[in-house]
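Inspection log for the structure reproduced underneath, given as structure tokens.
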């Protein structure tokens, strides 16, 4: 076996995700595998999601591949480092060359190389992986391969950047046949009544949000033609029969021209499959919402991260909070479920900003929302801004960027209580506006929890 492609996420070790039970396959690895297949390079995907570390190591020991290529990100970094150390210290695995790729690589080159990686792929991985594999197996000079990093005499060598793939029509479909896709479909069906699959239409994001990493695809916008996307949707329906699709693109409606073409193709090819997507409020209007609904959109996630214009501007989000509220309300009125993302603890945020976020959620009334406490990802503008104010930075190999903390307006514990405050106050409001159908007991409990959280916020400042 030439290459084993794998990652470090094990669902059954993640108690939180086991409760949620909405796993998605490693789409990036599947794209790399599809490209390698097209290039005639034998490869095997070991998908860890429903498996174990023991099974992963046994597979590598059995196949003894020339190369083990591992996708890594913030969530899987610690497990990936453990895997590298095992492969480097036990000859029964065949002493493979270890190649890493993924969003956490770009700004941690030296750390990953010194932790055990032989080569790092910076940015998009398909073309680079194929060229690097040939150079490794044919013992060619790797210094001319763009988009990689490696150690030479304890010095990090970083080659010239690889030009981003402009024409995505040349990109083969992800190798979904290489994994047990039925396990994902069954997990969704058994736990939520409907199966779901992922699909990608674009690469890159042209926006400048300071907390967001663009380490892989860059601050760009490249997209597959709408007719090819719809053809892939038709193939998924024919092969896997998913009940819903999740478009993983950063801003699905960034191009109105493309969306009109997509809508036309979906109707022409008769491939209306319920789907959800993410977009920005200012890239929505009544026409776009109508096209989305007719094409099958049942849920749309609209980001803002805060209800305070001061914080939105600090994030360089370049949107008005009223625009976000209007977009969510318009989607709600059209019968499309809505979701939004909230981030607390951003630099400069105070109690009044959190209060504005609560009011924002009440006014917009999204069907769903998620909350996170801000953390700085290395390589982002946010990280650069707070780097000199970092107060907690645990050992790199055994921690992630999520555990980095910095000097905020209040102590870290304050924001945990702030999350409780937001959740209980917004849920209280949702229950109250039900009118005669409200549960007075639930109203009382939620309001009491909100008041308690407010008190805990005060004492933990």
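Quick notes on this one:
- Of all residues in region 31-71 being surrounded by fewer than 22 Cβ atoms within 10 Å (Cβ to Cβ) and under 17 Å from the mean Cα position of the chain (by Cα), the one that is farthest from residue 83 (Cα to Cα): 31
- Evaluation of residue 41 against (1) under 21 Å from residue 74 (Cβ atoms); (2) modelled with pLDDT of 95 or more; (3) out of contact with any strand residue (DSSP E or B) (no Cβ under 6 Å at 6 or more places or on another chain) (one fails), failing number: (1)
- Flag if residue 197 is closer than 17 Å to residue 30 by Cα and surrounded by fewer than 20 Cβ atoms within 10 Å (Cβ to Cβ): no
- Region 431-461 - residue that is surrounded by 14 or more Cβ atoms within 10 Å (Cβ to Cβ) and in contact (Cβ under 8 Å) with a residue 40 or more places away in the chain and, of those, farthest from the chain's Cα centre (by Cα): 460
- Number of residues in region 304-313 that are touching a residue at least 40 places away in the same chain (Cβ under 8 Å) and crowded, with 19+ Cβ neighbours inside 10 Å equals 6.
- Matching strands (runs of 3 or more DSSP E) fully within region 215-325 where at least 3 residues are closer than 30 Å to residue 161 by Cβ: 275-280
- First in region 393-404 and at positive phi, second anywhere and modelled with pLDDT under 90 and part of a loop (DSSP other than H, G, I, E, B), Cβ under 6 Å, 6 or more apart: none
- Filtered residues of region 137-161 (kept if touching a residue at least 40 places away in the same chain (Cβ under 8 Å) and either touching a strand residue (DSSP E or B) at 6+ places or on another chain (Cβ under 7 Å) or not assigned by TED's automatic domain parsing to the domain that holds residue 40 (or both)): 149, 156, 158
The values are calculated or read from the model by the stated rules, or taken from the named source; none is laboratory data. This one's a predicted model, so the numbers in the text were calculated from it and none came from an experiment. Don't worry about glycine lacking a Cβ; one is built from the backbone with ideal geometry, like all the others, and counts go over all protein chains shown.
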